[in-house]
1. Can you tell which of ILE241, ILE194, ILE142 shows the greatest fluctuation in a Gaussian network model of the chain with Cα springs below 10 Å?
2. With an 8 Å cut-off on Cα pairs and a minimum separation of 6 or more residues, tell me the relative contact order of the chain in percent.
3. Kindly work out what percent of the DSSP beta bridges joining two residues of the chain are antiparallel, to the nearest 5.
4. Once the convex hull of the C-alpha atoms of the stretch 142-198 is built, how many Å³ does it hold per residue, rounded to a whole number?
5. Principal axis extents for the stretch 1-109, Cα atoms only, whole Å, descending order, please.
6. Taking the radius of gyration and the Kirkwood hydrodynamic radius from Cα positions alone, what is the Rg/Rh ratio for the stretch 97-209, to two decimal places?
7. To the nearest 500 deg cm²/dmol, what mean residue ellipticity at 222 nm is calculated for the chain from DSSP H runs of n ≥ 4 alone, each contributing -39,500 (n - 2.57), summed and divided by the residues?
8. Taking each pair of distinct Cα atoms in the chain once, what is the resulting Kirkwood hydrodynamic radius in Å?
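A short reminder: the numbers here are calculations on the coordinates, not readings from a lab. The structure displayed is predicted, hence computed values, not measured ones.
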Amino acid sequence: MNSPLQLTVLGSGTAVPVPDRFPAGYLVAAGHRNLLVDCGPGILRRLAQAGVTLHRLDAVLLTHYHTDHCADLAALLFALRSPHFAGRAPMHVYGAPGLQRLVGTLTEAWPWLQPRGFELVLHEVTGGAFTAAGIAVTAVPIRHTAQSLGYRLTHDGASLAFSGDADECDELVDLARGTDVFVCEAATPDGQKIDGHLTPSLTARYAARAGTKRLVLTHFYPECEGHDLAAQASTQFAGEIVLANDLLTLPVGRP
């Protein structure tokens, strides 16, 4: 990896099943360190397809607790109980208040999710700065649910922001200001906005205000099929626009 950070889209879809897009999940690599942003259903399989074993996964950042963003957390906890991973480094999971309750409820329903052979460390964050997998992270509350966070990641001069699911809010500008890459949802085409989500031109307007260099549109509902989402976004943003696909890999920052 020649860039300070590398982004791999593991899931560019939503809760609505489609053949070629898994729900939300993104791998960020910084050298030999790896973290996930969101862990929707099927994302562990995509992680394996990307060539990263659970031995090499250091942390998970959850943007919110809708199932299409966190369902594979249960699968992850169960997988880590395997003797294959005994003695591995602690697994750190970050999310808004409610994370402890979520994991506690899952463990009550499925007692076999209780950590065995590894240490699970849960971090509840409301915003602000911390470090995960050796990467500097800033969490910013975002308008979607009462427990929604966007994340800005910075490492060795490179910067990358994730909106998570989002509706219109100025916090997106602060989150993505001056970043190399802004990964932002554009759930439905222009003219078909749904509550709690953005469209390409709305997303692009925030990217332009933030002055990000590259905009990655993601979290596509089936309604997006057949629409030129990049063209819609380009009416508001003059920088590079990328449409996310599962297993797409992009460098972030310069060597």
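1. Of ILE241, ILE194, ILE142, the Gaussian network model singles out ILE194 as fluctuating most.
2. After rounding, I find 19 percent.
3. If we restrict to bridges inside the chain, about 55 percent are antiparallel.
4. For the stretch 142-198, the hull spanned by Cα atoms encloses 73 Å³ per residue.
5. Its Cα atoms span 43, 37, 25 Å along the three principal axes.
6. 1.05
7. Helices in the chain give a 222 nm mean residue ellipticity of -5500 deg cm²/dmol.
8. One over the average 1/r among Cα pairs gives 18.0 Å for the chain.
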